[in-house]
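The values are calculated or read from the model by the stated rules, or taken from the named source; none is laboratory data. Just so you know, these numbers come straight off a predicted model, no measurement behind them. We place every Cβ from the backbone using ideal geometry, glycine too, and count neighbours over all the protein chains shown.
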Amino acid sequence: MSRAAVLSLHTSPLVLPGRGDAGGMNVYVRELVSALAQTGIDATVFVRRNSDAPTVVDVEPGFRVVHVAAGAAGLSKESLPGVVEDFADGVGAWLQEHPVDVLHANYWLSGVAGHRLKHELDLPLVSTFHTLARVKAETGDPEPQRRIDAEAEVIGCSDVITANSVTELQQLSELYGADPKRIDVVAPGVDGAVFSVGSRRGARAALGLEDGPVLLFVGRIQPLKGLDVAVETLAGLRRRYGGAQLLVVGGASGPDGERELLRLDRAVRRHRLQGRVVLVPPQPHHLLSTYYRAADVCLVPSRSESFGLVALEAAACGVPVVAADVGGLRTLVDHGRSGFRISERDPARYTEAVLAILDDPSLASSMARRGAEAAVRYSWTATAARLRRIFADLSARVPLDCTV
Ligand code: UDP
């Protein structure tokens, strides 16, 4: 099995992550497909055309992006269910001319298109959801019933579902009744050539940062990501570390993103933290290592997180992580050893954990070391090798058929 169609309807691996709909999935698709190409799998990534980009962009040998016309440019993510059929038509027409051996759908919208195409083209379907509506609903981010039903249908007919973490595997089977035999845990990776331990002093000088503790938040700004908790955590440090700063790298995302920025602004004023919370616009992925290296602690207070690439990238750069005890963060943050996992959404608990790290340099450096050692286990090459094996196993099987 050597040719794959990777469906990524709503967001392109060519787009800068960190704002709007571009985040971990963009990094995942780009890094995974690049690593697959290096193993000899020829992969075409299909995205919805959202700009005047050429139809085909050759990224590297064995990795191209095809832009498929489906709805107007600039449609919100909430409107995209209405263009899934057009997208599937476009991908199907392309695949008639350029056949592949397997479909890999990312996120539920692509899953719906992939499900239709698997029946039309008699192909196996591998699905990776990245987030699940029922998980989000449990933590206060409800999604339309239509999405839940669609996810259940795609889960029921995927030949393999890849879960980003063991927690996601459990969620797939407990919340959706997915057959555990068809779920494989395939952890995403981190590029160790970019995200590695480096000089904190050098990084701070490069960023022009003042002395004093630096907390870091990286990612899309939306309620789910818990930036409010990060600001409250910083406020809690005031008595002992009045000069502490919070760097926030990322931009607004989703229908509540702008409102979340306003809330952030209000919280900063309420706590008189002007100048102590520094907003940095989204940065190209490879430049982020400087931000991680400059930090004493990386905060990941998300309400849910199927994996949590930011936590892994921070650990790879030797930065202790204080994170919510949810999803993939349960695997990535070794509580008490590479950081702390906090089970309540209580900023006071986050502040306590950050203080434990700032007050104890030997704990901080052992956490940094252990995090970096653990991060070495994750690489995109390993993720691609796992997926390649899944593709190869599927070539020996008849694709599942939910219609019989
Ligand atoms: N990211 C980036 N530039 C930014 C902000 C974020 O490249 O300015 C990347 C970050 O390095 C990580 C991804 O966006 O790889 C976010 O992934 P994560 O799994 O943490 O969250 P998601 O976006 O999937 O919810």
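Here are some notes:
- Boolean, Thr44 is closer than 15 Å to Val91 by Cβ, away from the ligand (no atom under 12 Å from the Cβ), of a type in the set (Val, Ile, Thr) and touching a residue at least 12 places away in the same chain (Cβ under 8 Å): yes
- Residue in segment 302-324 that is over 30 Å from Pro124 (Cβ atoms), at pLDDT below 95 and within 21 Å of the chain's Cα centre (by Cα) present: no
- Listed by first and then second residue, the pairs linking a residue in segment 63-84 that is at positive phi and of a type outside the set (A, V, I, L, M, F, W, C) to a residue that is crowded, with 18+ Cβ neighbours inside 10 Å and not in a strand (DSSP E or B), with Cβ atoms under 6 Å apart and 6 or more places separating them unless they lie on different chains, are Gly71/Val83.
Results for (1) in contact with a strand residue (DSSP E or B) (Cβ under 9 Å, 6 or more places away or on another chain); (2) at pLDDT below 95; (3) crowded, with 22+ Cβ neighbours inside 10 Å, shown as yes or no for each residue.
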{"site": "Asn26", "(1), (2), (3)": "no, no, yes"}
{"site": "Leu36", "(1), (2), (3)": "yes, no, yes"}
{"site": "Gly62", "(1), (2), (3)": "yes, no, no"}
{"site": "Val65", "(1), (2), (3)": "yes, no, yes"}
{"site": "Trp94", "(1), (2), (3)": "yes, no, no"}
{"site": "Tyr107", "(1), (2), (3)": "yes, no, yes"}
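- The set of residues in segment 234-272 being part of a helix (DSSP H, G or I) and within 16 Å of the ligand (Cβ to nearest atom) consists of Gly257, Glu260, Leu261, Leu264.
- Failed condition for Leu123, given (1) more than 19 Å from the chain's Cα centre (by Cα); (2) outside any loop (DSSP other than H, G, I, E, B): (2)
- Among the residues making up segment 1-28, a single one is farther than 16 Å from Phe63 by Cα, among the hydrophobic types (A, V, I, L, M, F, W, C) and more than 10 Å from the ligand (Cβ to nearest atom): Leu9.
- The residues in segment 67-92 that are in a helix (DSSP H, G or I), loosely packed, with under 15 Cβ neighbours inside 10 Å and among the hydrophobic types (A, V, I, L, M, F, W, C) can be counted, and the count is 0.
- Wholly enclosed helices (runs of 4 or more DSSP H) of segment 273-375 bearing at least 3 residues within 12 Å of the ligand (Cβ to nearest atom) and surrounded by 17 or more Cβ atoms within 10 Å (Cβ to Cβ): 288-294, 309-316
- Here the strands (runs of 3 or more DSSP E) wholly within segment 128-227 that include at least 3 residues being in contact with a Leu (Cβ under 7 Å, 6 or more places away or on another chain) and within 16 Å of the ligand (Cβ to nearest atom) are 214-218.
- Residue pairs whose Cβ atoms lie under 6 Å apart, separated by 6 or more positions or on different chains, with the first residue in segment 17-31 and assigned to a loop (DSSP other than H, G, I, E, B) and the second aliphatic (A, V, I, L, M), are Pro17/Val27.
- Here Gly18 passes the criteria (1) more than 25 Å from Lys118 (Cα to Cα); (2) surrounded by fewer than 23 Cβ atoms within 10 Å (Cβ to Cβ) except the one numbered (2).
- Among the candidates Val166, Val185, residue that is surrounded by fewer than 24 Cβ atoms within 10 Å (Cβ to Cβ), within 17 Å of the chain's Cα centre (by Cα), free of Cβ contacts under 8 Å to residues at least 40 places away in the same chain and within 25 Å of Ala385 (Cα to Cα): Val185
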